[in-house]
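This report concerns only the one structure given below.
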Amino acid sequence: MQDVKILTVSDLLHYGHSHTGSSSPGPPIISDQTPQPPPGPSTSNPNRDIEPLPQLDYPAILVGTLRLPTLTLKCTLWKCLEFSDDSVAVCCDIVGFDPRAIGKKINVLTWNFIISDHLSSGFLEIVKWDLSDSSHGLSLCSSLIIDSFPIVSNLIECVPKTSNAKSYRIHGIIEAVSPVSLVPCSVEESSSNKSMNLRGFQVRIMTCECKLCRYEESVRVLFEATDSHSFTAPVFVYFCGPAWCWHPVLTKLIGNVVTISGLKKKLILMEKQEPFLMLVTADNTILHLPRLLKKRKIVCGSYQGTVKNVYMQGMVVELDEEVWLLLTNQSLLPSHGLRIGAVISIRNAHFVVPQFSWAKFIVLGACDNTSIIVKSFSPLKTRCLIVSQSQSQLENFIEVLGFSTRLWVLLLVSCFQKTFSGILSRKELLGSRHNEGLVQMFARSHLHTSVFRARHGVLMEFIKHESCCTATEPYPGNLKLISPSSGRLQLVDMTDSIDVVIPDLPSFWDHNSIFEVIDYFLIVEGMHESDLPELSSDDSSLPRSIFQGFPSARKSNLKIFVYFHLRNATCRNRPIYPPIASEDELSDTKSGKFHLIYITRKVRPTCHSMKLERSVFAEAIVMPWYLFLAGKDGSTHQDKFLIDCTVGNHADHSSSKRQKIDCASTLSGTCFKDNFCRCGDQSCLRTSFSHEIPCSATIQGVNNFIFTSSGTLYRIKANAKIKVCKGRAKKFFLAFASECDLKYQLLQIGGVYLMKHHKEGPLCNIKNVSLKVVTVPVTPGTYLRRLSFSSEDLTTDKSLHNSSLCNEVITKDQVLAVASGSSISDIHLHVSSSLTGLFESDIKELRNGQNASDANLGSFSLSLGMKTRMNANLEQNSGLLGHSRIFPARKFTSLRGDIIAVHSFDQGSSDMCSSRADYGDHSQYGFCDRTKNFCIHVSVANQTVKIFGFVNQYMFPTGFGPGINATFHQILDLRPRVPSTLMLTSESSIVINSIRAVDETHISDGNLKRFRCRVVAVYVLVLEKSNRKCDDLNSNMQSRPLSVDIPLACFILDDGSCSWCCWANAERAATLLRLEEYQLSGCEASGYKRRRVGVQNTARASTMHRLERILEKHDRITVKSCRSVFDPFDQDFSVTAGSGRALIGLDDDFDLVASVIFNACINRFWTVVTEVMDSNAVNLLKEHLVDMQMPMPCMENLWAREVLSVNHVTEAREMMQNNL
Amino acid sequence: MAAQAQQPSLLNIHLKLLGFTLRSITPFPNCPSVFNLNGKQISRVEVLGVVTSRDHKPGRFLRFTIDDGTGSITCVLWLNHLTSSFFATRQPATLRVISDLSKSFADDLRLGKVARVRGRVSIFRGDLQVTVSDVVIETDPNAETLHRLDCISLARRCYFG
């Protein structure tokens, strides 16, 4: 047997890792109540990866002394027991506590040692121990069972000191222990009064008033007469002064019968209450305990559970069984042992069931009467809880609320932190010691004054616990949460958030503003979901989801967003959002010299590099143009509506127009000369600038402040003498810091932007212009404004004077502009018509300089809508962008067109399968695992182009879907290798130009049809072996990828009025075939099941699994109808395997396939959303069928886009409302 | 009339009919499998109602009636797929599956159950009956409501419109 090593605390600290150690290592014996590691209730639970504490691989013990708390250790709790040996002392906690161990040398046989940066050393959890010398130092008042412990002196003495003052004794059950608190007091010393804080805590003891207790019988007699006592009279004992250190002992003794002698009576005055008689510890106070402690009473409000998680710096503790412990008063925290995986016991807590409409769970509210002890230490490698020292206003605010409201505020904090992450600082959100934060303001504005409770301090509230216990929680049903940020532009209010499309959102938009939006379009895309909520949204887990940052958003089939113009919105800023210093903004905007840059592409880093580099990039070309704005000589005005913070119809601009013309003609040239050319020679200017064009600018400022300025546009010659900038690159990359993500998102490819000229600025002072890659950082202060031009007069400027939406209901197709060319900008230049042509030709030239030849789109005539350029120079930039090497020598293209359809696809799609082989591994394109496969059908010049992509759906801008006109930038051209195919990559971006909205209560936009129908027959079915395997058979069937590919299926559908040929693939086909259902009635009825007995009731017996097994054999199965398609049971089939072999009736496999088809024809109604197939698609299918030697059915051909199950109630209700 | 000619034929559609409507249809003189509904040719129907009687001849047929509150309809579910020469032209393997399925339908069609039946309309001994193609036992009472609404709506829009 191995020798047991005696370790010191220094050894543990020197080891430097959290660990568990034992005198007999082996299978870890943590305690008699070994807690289970927290079960993972959801796959998103981050705790599932927590490891157990590593174990020392040799037997060892610790020998040291257990001491009461002192103030010498660096511990924020001030109530931890201490373990010390000759080397050093550490905080500790102990299970199986025995007061006799206090001050004694003990052998620690099993322990956990947790290293914490916040504790000076570490935290020792003593799991098994014994006294080094059990015969030494035991203090016995009787020869039998009673131990006595002097409270003040740590020296154990048999006989208490005598005192002249009258002392009192109590015998009773410890019911509650208050936290340790400080009471300011003055102590009279011999010479002077000295102020100090009196540290202490209160204990409520339920005492007995029987004869034995009233007359001074010996302590032994009291303990022996267990049956004669009735503990009903509450007595409060104040352990103050040096007695405070007994707090952990008294806490552990809750529920035990004790005798305390040597107490003094004191009259206590608290606030304006009646004087209160309290017992106070004195120098000769002694605690008497029977050797064998017996719990006499189960304290009310007790709960024992395992800690599943700790959130918000320990203010919220998630216990098993969906119980949430609120520890907002951190003085109630137990020892540092409250770690994930620990079993804790909570006494005197409040059980509250919040009446929130959005979640159901139990809250355990901790108050000053609550005590928490660790019953069993966590075997997991989890961190200690550390209490923050500073008390912010928010914490004080939370403390005066009821428990359920407290939890709401804490959830609110979590929501706000996610929603405003990167926008508002932590201090702005949570406030500080002296200032309220946004959360507190928000919460206060939503809480009725009745929910705020007056607080009276620990001493008072401990004594007046009744009021605390009986305090009824105000009904918090109206309290709602805000949604965490979606990463999209959203309107957020107290109830929820909604995606928005704002075409006129300026580049410098103040995201803190509050808007009232009255004129808007609400656009809904998709199908109504059934009345049944998603089963996955578990209400009880909502708090966990929020605290963990995984919002359990309910899935919706509907895509909903709001479209409005900011100019039609009313700004309702409150004082909590002080307006940005618009003066600074104005002076920065309205005057000076500006570069004109043209944005060619936007680049996002890949998932891999995102962790390392948060920056995103945009490539820009510097145009040979400068804009000079006269600034102060121009006129500024604020709309009359702005006075009351309203942006609406603008005032007459005639006066400003007059000023502008004057300025343009007189001032601009002089100003420019003064700024650029100091030689004073006009010829210098003439030889340097090919064009000098006066203009006027309409500038939109912060908070919709609109003003005008006169200016001049200069076009510099290539060989100009004047050097405006010290060093200037033709092309550069704008590098957006993470806090400028909004600027990046609003940046539009193909847009012309103004950047302010600063002599020492990064754009104008490039040291080494020969560098291939020049980056210009974009910081929050960088001036970047979108520019637009028109040759129109100011008064007819449509860009700033569009009509309002006027609450109209869309009665027919309506095109909503989103980013249509020059109409949306921050600065609009009014120039002569001759310039616009010149300017456009410059842009074209720049493009051509950079681009390769125009697109050659094979059979498609798309040259109008597409531009292609080689990716040659990207290779050179790989050093900067890190991932461009993944697109070696491929062509990038831009394409503009109308979106016909967008759908996610899978391996069931035949064209996908063929194409995927050409794409190779999609991970090489820089996408992470969260991506999904999409196919976008785009109509360009009356031809349809397909754009595939393995992309994250968040890449699609709000509003993206069929019916929009969009431009796809940086899409990969796979032709001619893959015909008519383009591909989205991580470098691609999509800009919506316009949205076509239709008032459609019932879908029928010409292309889409929706039916409630049943399957009558299956005309064609192709099944293929899937290459994708799902290992986790227990995972949600809905989320699993199909394990069988269905590249093509043709169903005959019938709704009672008509029948159609409905073509489907992949999931749609699988749904119509009912493959995901475990019970296959057709299969059961056939002999198939009988020959496969024993597997039908397991998940592995699903139809899909059986098909999988067949396809393992045959690779591919083709089923063709060879009889009627109008009667479900009048169908016969020919079934062919991949090898070409026909399966005949003797095969089990034939039975299964036939059963699958018959099964599809019985039982279910479906709501099928279909798309009318155009002649091209029908011809393609005809070719397929000809190959299969089958005729095309003589009925309308539709393509299934969505298949949904039918809710009878919803459908019936809808019919009642609409038709009857 | 031109407008009527443009309407799709209902001959191969499973018309959703209430009992009393179904009982009103008449066979075309020279074509007993085709019936006349408001001048339109029909042959297949879908009916839904409570099973009110059943006459089971194992291995031969199950004759049952369903009542939807507006009328009773006699239905016959054949159970002799493997023995009758009527099915001689069918694939034996398919017949095996259909036979098993039909037996399970027969087991499910208990008195008092609500059944949704699709089938062809025919005349047997002067009475109208439905030769069952497939049966679904409905457990959701809302299915009955929805079916009635469907019948009314389709009648207005399509069958009598």
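Each value in this text was obtained by applying a stated rule to the coordinates, not by laboratory testing. Note that this is a predicted model, so its numbers are computed, not measured. Please note: Cβ atoms are built from the backbone with ideal geometry, for glycine as well, and neighbour counts cover all protein chains shown.
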Per-peptide average of other Cβ atoms within 10 Å, ordering B:87-98, A:84-95, A:1062-1073 highest first
A:1062-1073, A:84-95, B:87-98
Past 29 Å, Cα to Cα: identify those pairs from A:K79/A:K265; A:K104/A:K252; A:K360/A:K427, in the order given.
A:K360/A:K427
Relative packing of peptides A:749-761, A:51-63 - highest average C-beta neighbours within 10 Å first
A:749-761, A:51-63
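Order these peptides, B:105-116, B:148-159, B:20-31, by their mean beta-carbon neighbour count within 10 angstrom, highest first. Walk me through the intermediate numbers first.
Working: B:105-116: 16.6, B:148-159: 18.2, B:20-31: 13.9.
Most protected by this proxy first, the peptides run B:148-159, B:105-116, B:20-31.
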Taking r as the C-beta separation of A:D57 and A:D130 and R0 as 25 Å, the FRET efficiency to the nearest 0.05 is 0.60
Run the paramagnetic zone check for B:L82: 7 angstrom along Cα to Cβ, then residues of the stretch B:91-116 with backbone nitrogen under 17 Å.
B:91-107
Tell me whether the stretch B:14-154 comes out rounded, prolate or oblate; compute the Cα gyration tensor, take square roots of the eigenvalues as a ≥ b ≥ c, and use a/c under 1.5 as the rounded threshold.
oblate
For peptide A:1016-1026, the mean count of other chain Cβ atoms within 10 Å per residue Cβ is 1
Filter A:K105/A:K375; A:K717/A:K756; A:K559/A:K891; A:K308/A:K464; A:K1025/B:K16 down to the pairs with a C-alpha to C-alpha distance above 28 Å, please.
A:K559/A:K891; A:K308/A:K464; A:K1025/B:K16
Return the FRET efficiency for the residue pair A:I423, A:D227: r is the Cβ-Cβ distance, R0 is 45 Å, and the value is rounded to the nearest 0.05.
0.10
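Please average, across the residues of B:146-155, the number of beta carbons from any other chain that are within 10 Å of each residue's own beta carbon, and give a whole number. It would help to have the intermediate numbers written out before the result.
Details: counts 13, 3, 2, 8, 9, 1, 3, 6, 3, 1.
Other-chain Cβ atoms within 10 Å of each residue's Cβ, averaged: 5.
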Folded to 0 to 90 degrees: helix B:92-108 orientation relative to chain B principal axis, Cα:
80 degrees
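First measure r as the distance between the Cβ atoms of A:R214 and A:K266, then evaluate 1/(1 + (r/R0)^6) with R0 = 25 Å and state the FRET efficiency to the nearest 0.05.
According to the calculation, E is roughly 0.75.
Averaged over peptide A:1123-1130, how many Cβ atoms belonging to another chain are found within 10 Å of each residue's Cβ? Could the numbers behind the result be given before it?
Numbers: counts 4, 1, 1, 8, 10, 7, 15, 5.
Counting other chains' Cβ atoms within 10 Å and averaging over A:1123-1130 gives 6.
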When a/c reaches 1.5 or more, the comparison of a/b and b/c decides; with that in mind, is the stretch B:98-161 rounded, prolate or oblate per its Cα gyration tensor?
oblate
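About the Cα centre of the stretch B:14-154, what is the dipole size in debye to 20, counting +1 per Lys and Arg Cβ and -1 per Asp and Glu Cβ, all else neutral?
On the way: 18 positive and 13 negative charges, 95 e Å.
It comes to approximately 460 debye.
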